[in-house]
Amino acid sequence: MSFTLVIHGGAGNITPAIMNKVQEIQYTEGLKEALDKGYDILHHGGSSLDAVVAAISAMEDNPIFNAGRGAVFTKKGLNEMDAALMNGSNLAAGAVAGVRNIKNPIVLAREVMLHSGHVFLSGSGAGEFALSQGIEMAPDKYFFNQSRYDQWLEIRDTNFTQLDHKGDNLKGETVPNTGHKFGTVGAVACDVNGNIAAGTSTGGMTNKRFGRIGDSPVIGAGTYANNNTCAISCTGHGEPFLRACVAHDVSCLIEYKGLSLKDACAVVIKDKLVKMGGEGGLIAVNALGEYDFCFNSAGMYRGIRNSEGKELVAFYG
Ligand code: ASP
């Protein structure tokens, strides 16, 4: 009766040089809290889907992560969030994009999966559905975070968007990171029944264009789960991840080429994506409880806790 939970809190230029002791403690505690929430569910025989939602909700509630409460600001100074959830046992999926004032976008993604008759809702339509389902809302001030705001103020009059660790105008030019705030969040889990699930939640990129949607909520790009192959949650510069269909590509390498979980992740993240100029990483688990963290950036906030007593939180490469 084994189970596994793996989480991430974003990938990027995460090095000891840009982290101070206080930040290290904050991220360690934030990741541990999320692991504990999900572990508790799995330990009591709960589903991988519920564990993923619990772990992600904990990180959405923690302003250090770029999701939910800590979501970054768009070019218009708003918080627009994306999230997706997928159930590997039946390939059911739910996703939301560009939603505002939703306290836990991952909970709304689950609601879309279970009760909308659709897979993907966006913007005001997703908001209207949230209201009709009694999903918890939060006022703008709940999402206000001074350091995120300052991060945005520094680049709002430019054409730069900023992925956590750097700005990128999509021509490869970068602006320095000033905020040191990282943190799209994701979780993948395998429960005692061998069912796997994946979820991802994000505020996207600082100063992103109004209406821009990244890879996180797109099934097959930033999020994917299939009991026969793997459950994947990605983090990084969304545009290359979208073009590379990263999460589904890993699954395909396992399904059609018979690659191991680790090898499939490495081919996509360390070879294919690098050749496309894509930076970031992913977490993965399969129905045997095997797992992987794979990234081509300097670091990735990450953690694992399983029934074999393994418990680890790490940041750096
Ligand atoms: N992939 C996310 C996006 O592009 C950002 C991130 O992972 O930090 O929206």
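The values are calculated or read from the model by the stated rules, or taken from the named source; none is laboratory data. This structure is a prediction, so every number in the text was calculated from the model and none was measured. Heads up, the Cβs are rebuilt from the backbone with ideal geometry, glycines too, and the neighbour counts pull from every protein chain shown.
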Seminar exercise, completed: Considering residues that are in contact (Cβ under 8 Å) with a residue 40 or more places away in the chain, outside any helix (DSSP H, G or I) and over 12 Å from ILE64 (Cβ atoms), the number found within the stretch 1-44 is 13
Exercise. Any residue in the stretch 83-96 that is within 30 Å of VAL22 (Cβ to Cβ) and in contact with a strand residue (DSSP E or B) (Cβ under 7 Å, 6 or more places away or on another chain)?
Worked result: yes
Exercise. Taking ALA58 and the conditions (1) more than 16 Å from the ligand (Cβ to nearest atom); (2) farther than 20 Å from GLY204 by Cα; (3) not polar (S, T, N, Q), which numbered condition does it fall short on, given that it satisfies the others?
Worked result: (2)
Seminar exercise, completed: When (1) more than 16 Å from the ligand (Cβ to nearest atom); (2) modelled with pLDDT under 60; (3) of a type in the set (Lys, Arg) are applied to LYS181, the one that fails is (1)
For this session: Search the stretch 227-264 for residues being assigned to a loop (DSSP other than H, G, I, E, B) and surrounded by 24 or more Cβ atoms within 10 Å (Cβ to Cβ), and hand back the single one that is nearest to the ligand (Cβ to nearest atom).
Result: HIS237
Problem set entry | When residues of the stretch 210-225 are limited to those that are crowded, with 24+ Cβ neighbours inside 10 Å and in contact (Cβ under 8 Å) with a residue 40 or more places away in the chain, the one nearest to the ligand (Cβ to nearest atom) | GLY214
For this session: Would you point out which residue out of LYS32, LYS21, LYS37 is touching a helix residue (DSSP H, G or I) at 6+ places or on another chain (Cβ under 6 Å), on the phi < 0 side of the Ramachandran plot and away from the ligand (no atom under 16 Å from the Cβ)?
Result: LYS37
Exercise. Failed condition for GLU279, given (1) under 20 Å from GLY204 (Cα atoms); (2) at pLDDT 95 or above; (3) out of contact with any Pro (no Cβ under 7 Å at 6 or more places or on another chain), with all others met?
Worked result: (2)
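So that you can scan it fast, the table gives a plain yes or no per residue for (1) of a type outside the set (Phe, Trp, Tyr); (2) in a loop (DSSP other than H, G, I, E, B):
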site: ARG69; (1), (2): yes, no
site: PHE73; (1), (2): no, yes
site: LEU78; (1), (2): yes, yes
site: GLY98; (1), (2): yes, no
Problem set entry | Output for the stretch 95-106, where each listed residue is of a type outside the set (S, T, N, Q) and either surrounded by fewer than 24 Cβ atoms within 10 Å (Cβ to Cβ) or under 17 Å from LEU242 (Cα atoms) (or both) | ALA95, VAL96, ALA97, GLY98, ARG100, LYS103
Problem set entry | Test: residue in the stretch 191-208 that is in a loop (DSSP other than H, G, I, E, B), β-branched (Val, Ile, Thr) and either surrounded by fewer than 24 Cβ atoms within 10 Å (Cβ to Cβ) or near the ligand (Cβ under 8 Å from one of its atoms) (or both) | yes
For this session: State yes or no: is ALA67 under 17 Å from LEU85 (Cβ atoms) and either crowded, with 24+ Cβ neighbours inside 10 Å or within 16 Å of the ligand (Cβ to nearest atom) (or both)?
Result: yes
